[in-house]
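Just so it is clear, none of the values below were taken in a lab; they were calculated from the coordinates. Fair warning: this is a prediction, and the values are worked out from it, not measured in the lab. All Cβ positions, even for glycine, are placed from backbone atoms using ideal geometry, and neighbour counts span all protein chains on display.
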Amino acid sequence: MKKNTGKKPQARFQSKESVLFFIFIGIFVLMCVLSPQTFLTWRNLQSMAFQLPELGIFALAMMLVIVSGGMNLSITFTAALASIVGGVVLSTMTAAGMGPTITIVAGLATFVLIGFLCGALNGVIVADIGIAPMLATLGTSTLFEGVCLNITKGGAISGFPDAFLWFGNASVLGIPFPMIVFVAVVVASYFLLERSPFGFKTYMIGCSPTVTEYSGINVKKTLRIVYIISGILCAIAGVLMSSRYNSAKESYGSSYMLQSISAAVLGGTDIAGGYGKVVGTVLAVMIIQVISSGLNIFGINRFITTVVMGAILILVLTINYISSGRKASSK
Amino acid sequence: MNRTQKFVAVLMVLLVTTGVAFAQAKKPTIVVMPKLVGIPYFNASETGAKKAGQDLGINVIYTGPTTADAAEQVRMLEDYISKGVDAICVAPNDPAALTPVLKRAKAAGILVLDWDTPADKSVVDLSVHQIDDVVYGQHIWDLLVKEMGDSGDYAILTGGLSAANLNGWIDAGLAYAKTKYPKLRLVTDKIPTDEKQQVAYQKTLDLIKAYPNLKGIIGVSTPTPIGAAQAVQEKGLKNKIAVVGTALPTDSRPYLEDGSLRVVTLWDPAKLGYLTVVLANNMLNGKKPYDGQEIANVGKISVKPDGKTVIMGPPTDFTKENAKNYAF
Amino acid sequence: MKVPQRLKQSREFGIFLILLAVCIIVTVAAPSFFSIENLFDILKGNVVLAIMAIGMLPVILTGGIDVSVGSMVAAITIIVGNFLMKGSDNILLAFVVGCLSGAFLGLINGLLIAKLKIPPIVATLGMMSIISGISLYYTNGNWITGLPKNFIDFGRTTLGSFYQQGDEMIGLPVQLVFLVFVAVLSWFILRHTLVGRGIYAIGGNRVSAERVGYSVDNITVFLYAYEGFVVGLAGAVHTSIMRQVDPNAFNGFEMQVISAVVLGGASTLGGYGSVIGTLIGVALFAVINNGLILMHIPTFWQKIVVGIVLIASISFDVTQKKYWESHNTKVDIEEA
């Protein structure tokens, strides 16, 4: 549907992403004005900084896959599975009386390992067997959910060492730890996607897999890595979530899947693949967070906030369509 | 993209001119959060909680997730903490999941209570129970045996798997049954229904199919016995399977009438809501509850020796005969 | 054309064989599976899923997707429920209201996708948020119970007498009529109308379809509206079965619908799929679920089994397509 019009990267950056920036500033100011005493408080900023990273990391995990021309519908259940298996490790070791440090290290390693494995499975199914990513990840998400339920029998895993709560709830110099993790992930994603050969290949595959193949690039290998990284990102989000809820359950995070697609698309990522900027996605996540917190503090019913989010998504895409309709003359 | 910028600017101006800073009257604000909203039990407690707010002249915000989801409760509470309220009374779907957010509430100086189902004891300032968990659990099993006899196959349908109150009753009942009714046979692990009557209905149908010799069903969590009775009624098995449990008398009546539901036992949820708000308000004013205290519109409460656990009173059994006398 | 005919025979037939195999396995493990009572229960329990899957089929055939069906059907049940309680208790009217509301919502989806060129997943995502937000705001999670008695009785009527239960003779659930209606209607549209041919054409190759003269935009709007209409019917049917309205009853349901359609052999790759296939897919889904219950296997395994079957069947689909493409390569390149 849409192809890169061949404009200079700089010009495109100025158009889409700077609009997002202005929208963000606009909405932030709006919320400050609507709720002067409560929005612009340290407490609220901190609270937003605690909530944002989960969606942000999921959005980046989703964006990466979308840029490669696919979609990852299994992100939430990857995170859930990582949380549950990691949680089992954490709680068993805690119950066995082992020290918190070694428990947490083992736990974290488990989280990342499961994220890696889930991503690898997705990667193999998409790259090697060749199933359409949306359907492949639909299948794996059902599979992961089933494994989660099998382990938990529908309940939640708890019994984590107290120190584990630190990841999702503590602040360093006033900055919530999840935010620090998020910033690290953003920087890493930026360099990985927009400043490395691997990232370049990913964009190419998103534009046209056939052309990329003929260029001599190993499409399959790149795709596998894309899904693995996506899986590991989900695992990191899983760590933050299970620390925040002090438990692991297959349903935690289920709302994030569609929200992360919204964030990626809102952030300017082309759903057909081939274009997407990390900064755009981050701005989109910030916009979503500010709207959600701001409306809530102002006293708007949560459900209306949901409606607003959906409307904004459609609105932004409509604006994109109108503006690209004016610019582009090709089809 | 000037068009968009202009659009946003216009939007801002419009909203700024219409957005008036709401100055809140400085009444204490208490948030009462049930496991979920939308089921009759918690609708009834809402009436009680709101009435207490009126009687005492304080702000009561009664709100909760629309599904029995602990994660959603955490998110909502986080928002209220940043809004700044005076007290939070929550019925946690999962006590472990709510511990971090309740700790943060305490750190922010907010009074923390649990009601209907306990949270982690170390985090709450007060724990409001409607009945004594152990006694209640045993009582439910007694009711079952009275209806189905003391031997045979039975199953347990519960609400949320992590709900501490439900698990408390089930564990007490099972322990009791081990010694007192050894010939009772539990056919499978307790089955969750997420506080949804529809799920209880479906699961009961599945149970009937899977275990044709089933003689009894216990449904804890108020929508559950109704759903189970619905299934039993539909299959015409009311004489074969005895359904007992915890449910509201008004919802139960149609099923009590024809016997698909034999007996239910509960308390007045409106009273529970009322009590919770009253106790929270008292605590905000520095008054702790004591054993034998008489609370207006509620009755005499008992407080356990730890000083933190309040028990509202004994349960009431509702049967075909007396269900019509109750308005909840 | 002969080539697609053979392909069709192998695909749906293959899935049908899988279905038969599963039925046999389950009957051996739990003989009560093959009782009329059980089969009727499966029917009643899955008729809504079946109707919705048939509605989703045209969307998937064109390579689109609709994740808003879960919230749509929930909203329809709320509308129908409110209509019955506050409007009239005329059954026919209630169904009409349901279908029209559904068609309206579907129309909005179609317009967003066709006229504003918003990608289907994004448009339906946005709509899903909007619809579910409005539904939950309006009801606040509260159920609607106590529907008019004549509606409840209608939901309970059965056709024919097949087996004994208690003191009554039970027949086919009346909701089956609606399923048959939707199935036949969809089959007719897809196979015997220009619009239907257009749907397959778009799925096969959109640009070619346009060049041949199909109005892709209009067809797209139509098929989303049609899907909405079918979903509306499903909502009314559901209300007649459940006899109450729970706004949260369909959370996550869209994934089940999509899975069922895909299980039924519909392919987003080649404009391939059929009503029969979808029905078989739903049957497979239902039988697996039912079998697990009867065999006392925890239902958690159902998801694992469905996930594996999903992946396996799509793999089969893809490898088949690749096989055909490698055999037809010469023809394709010349035409391009």
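Between the residues C:20, C:43, C:107, the greatest Cα displacement towards the positive end of the dipole of chain C, with unit charges on the Cβ of Lys, Arg, Asp and Glu, is found for C:107.
Each residue of the range B:145-156 was assigned a 3J(HN,Hα) from its phi angle through the Karplus curve 6.51 cos²θ - 1.76 cosθ + 1.60 (θ = phi - 60°); the sequence is 5, 4, 8, 10, x, 9, 9, x, 8, 9, 9, 10 Hz, with glycine and proline shown as x.
Tell me what chain C gives for mean residue ellipticity at 222 nm when only DSSP H runs of n ≥ 4 count, each as -39,500 (n - 2.57), the sum divided by the residue total, rounded to 500 deg cm²/dmol. Value at 222 nm, helices only: -26000 deg cm²/dmol.
With contacts taken as Cα pairs under 8 Å and at least 6 residues apart, chain C reaches a relative contact order of 32 percent.
Each listed q (0.11, 0.15, 0.19 Å⁻¹) maps to a log10 I(q)/I(0) for the range A:102-222 from the Debye sum over equal C-alpha point scatterers, namely -0.60, -0.99, -1.20.
So what's the net charge close to residue C:136: Lys and Arg +1, Asp and Glu -1, counting the other residues with Cβ under 14 Å from its Cβ? Here the count lands on -2. Ordering B:180, B:190, B:240 from the fewest to the most neighbouring beta carbons within 10 Å gives B:180, B:240, B:190. Counting neighbouring Cβ atoms within 10 Å and putting the fewest first, the residues C:128, A:62, A:98 line up as A:98, C:128, A:62.
Quick one: grab the alpha carbon gyration tensor of the range C:198-320, order the square roots of its eigenvalues as a ≥ b ≥ c, and give me rounded if a/c is under 1.5, else prolate or oblate depending on whether a/b is larger than b/c. In terms of gyration-tensor shape, oblate. With Rh defined as the Kirkwood radius, the inverse of the mean 1/r over Cα pairs, the Rg/Rh of the range B:133-266 is 0.92. Scalar couplings 3J(HN,Hα) for the range C:228-239, obtained by applying the Karplus form with A = 6.51, B = -1.76, C = 1.60 to θ = phi - 60°, are x, 4, 5, 4, x, 4, 4, x, 5, 4, 4, 4 Hz; x denotes Gly and Pro.
Shape summary of the range C:84-129, radius of gyration then Dmax from alpha carbon positions: 14.3, 40 Å. Positive contributions from Lys and Arg (+1) and negative ones from Asp and Glu (-1), summed over other residues with Cβ under 9 Å from the Cβ of residue A:219, come out at +2. By other beta-carbon atoms within 10 Å, ranking A:42, B:115, B:141 with the fewest at the front produces A:42, B:141, B:115. Give me the Debye-computed log₁₀ of I(q)/I(0) at q = 0.17 Å⁻¹ for the range A:51-252, equal point scatterers on Cα only, no solvent, two decimals. Here log10 of I(q) over I(0) equals -1.06.
With Rh defined as the Kirkwood radius, the inverse of the mean 1/r over Cα pairs, the Rg/Rh of the range C:5-319 is 0.97. Is the shape of the range A:32-165 best called rounded, prolate or oblate, per the rule: a/c under 1.5 gives rounded, else a/b larger than b/c gives prolate, else oblate, with a ≥ b ≥ c the square roots of the Cα gyration tensor eigenvalues? Judged from the Cα gyration tensor, the range A:32-165 comes out oblate (a/c at least 1.5, b/c at or above a/b).
Only one residue of B:192, B:34, B:107 has its Cα farthest out toward the positive end of the dipole of the protein assembly as shown, where Lys and Arg carry +1 and Asp and Glu -1 on Cβ, and that residue is B:107. Extent along the principal axes, Cα only, for the protein assembly as shown: 90, 72, 59 Å, with the longest axis given first. Expressed as cubic angstrom per residue, what is the convex hull volume of the alpha carbon set of chain B? Here the figure is 174 Å³ per residue.
Legend: mean number of C-beta atoms from other chains within 10 angstrom of residue C-beta atoms, peptide A:289-302, equals 3.
Stokes-Einstein diffusion coefficient for the range B:220-328 at 20 °C in a medium of 1.002 mPa s, Rh from the Kirkwood formula over Cα pairs: what value in µm²/s? The calculation lands on 138 µm²/s.
For residue A:177, the shell of other residues with beta-carbons less than 14 Å away shows a net charge of +1, using +1 for Lys and Arg and -1 for Asp and Glu. Its Cα centre serving as origin, the range B:133-266 has a Cβ charge dipole (Lys and Arg +1, Asp and Glu -1) of approximately 400 debye.
Over chain A, DSSP H runs of length four or greater, each weighted -39,500 (n - 2.57), average out per residue to a 222 nm ellipticity of -24000 deg cm²/dmol.
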